[in-house]
Structures are given as structure tokens and as C-alpha cells.
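Taking it in order: structure first as C-alpha cells, then the write-up.
The values are calculated or read from the model by the stated rules, or taken from the named source; none is laboratory data. The structure displayed is predicted, hence computed values, not measured ones. Here the Cβ is made from the backbone with ideal geometry for all residues, glycine too, and neighbour counts use every protein chain on show. To get the accessible areas, we keep the full protein, side chains included, count just its heavy atoms, and leave off ligands, DNA and RNA. Shrake-Rupley method; radii C 1.70, N 1.55, O 1.52, S 1.80 Å.
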Amino acid sequence: MGMKTTILSIFLAFAFLFGASDVFALAGELKRPGISLLTKYSKETRERIMKMLNREDARFVGGRFINWFTTMNYAGDAKVLSLFMEELAKIPGVVLSVSFVKDRILDEAPWSVQHEAHGNRFHIRVSMNSDLKFEDIYIPEIHGREPAEAKSKEG
């Protein structure tokens with residue numbers, strides 16, 4: 001192996017090692033509710049969302065994030081969950097979906113809130129293996145949206 005090949009190999013090794021740091025994700029545990037929000041959302045919208053995530057009647061029991069995706073676990077009865085969803089659904093720019101899952105989220109958390117920052121999408125997962133009274137869960141009103149094709153014809 002020649003000197004040029006050795007130098008090139010060392011350079012490529014350093015470039016890979018130091019360039020690879022961009023590949024690793026920013027991740028961590030949450031001690032209190034919090035999400036990433038794009039700057040396009042107004043201060044009022046940001047405050048309303050944070051107020052919802054920090055409701056006193058919905059007990060935050062931990063969470064985690066990786067880049068722009070966040071999962072927060074909550075404890076609260078069916079009424080608290082219903083109020084949480086109802087208020088969240090009223091915030092402009094929020095997209096909300098709900099699913100019921102067989103697995104337990106956490107022993108002390110019958111439901112979780114997942115948030116994806118790029119679309120300001122919230123997904124609430126409700127554990128069917130929890131003590132929640134499912135007959136008391138109210139899914140908020142859903143308003144129809146115009147299809148994308150209709151919007152493109154107007155513009």
C-alpha cells in the first residue's frame with residue numbers, strides 16, 4: 001500500500017466518522033409535556049397546544065422524543081380523555097386521529113399522545129387493556145375537508 005493510499009484511507013475514515021454524526025437522531029426522555037412546533041404556527045396556536053398538553057386533569061406520566069416525533073403518556077379517565085381530544089380538535093392547524101390498541105401503553109397510562117411536527121399531527125392511542133370506561137369516550141366532531149383536487153382548480 002502506497003503513501004497516497006494510506007493518507008486517502010485515513011482521510012475517508014475521518015470523513016466517515018465525523019460526517020456520520022449527522023446520521024444520529026436527537027432523542028431523549030421527557031420530564032414534562034412538550035413538542036416541536038414549526039414556526040409557521042402563531043403564538044396563540046402554540047400556547048393553546050401547550051396548554052392542552054399540560055392539562056391539570058390529564059396526568060403526564062412520561063414520554064420520549066426522537067427528532068420531530070414525540071410520544072407522551074397520560075393517565076386520566078374517559079371524561080378527561082374526551083375533553084382532551086375535544087379541545088385539541090378545536091385548535092386551528094391541528095390534525096387529530098384516534099386508535100384503540102390491544103397492547104398496554106404503560107401500567108399507569110391508559111392513553112398516549114403522539115405528535116409529528118411537520119404536519120402538526122396528533123395521534124391518540126387508547127389501550128383497550130386499561131380500566132377506561134369505553135362507553136364514556138367521546139370522539140370529537142370531524143369536519144370534512146375539500147379534496148386536494150378541488151383546491152388546485154380554484155388556485
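Taking 0.36 nm per residue of sequence separation and removing the Cα-Cα distance, the Asn54/Leu106 pair yields an extension gain of 16.8 nm. Taking all protein chains as present, what is the carbon and sulfur share of the accessible area of the stretch 27-82, in % to the nearest whole number, probe 1.4 Å? Answer for the stretch 27-82 is 52 percent, counting heavy atoms of protein chains only. Rolling a 1.4 Å probe over the heavy atoms of the protein chains gives the stretch 28-88 an accessible area of 58 Å² per residue.
A Förster radius of 25 Å, combined with the Cβ-Cβ distance separating Asp131 from Glu47, puts the computed FRET efficiency at roughly 0.15.
Pairs exceeding 25 Å between alpha-carbon atoms, taken from Lys40/Lys79; Lys40/Lys102; Lys79/Lys102; Lys31/Lys133; Lys43/Lys90; Lys40/Lys90: Lys40/Lys79; Lys40/Lys102; Lys31/Lys133. In this label model, Arg121 and Ser99 are separated by 1.0 nm, measuring between points 7 Å along each Cα→Cβ vector.
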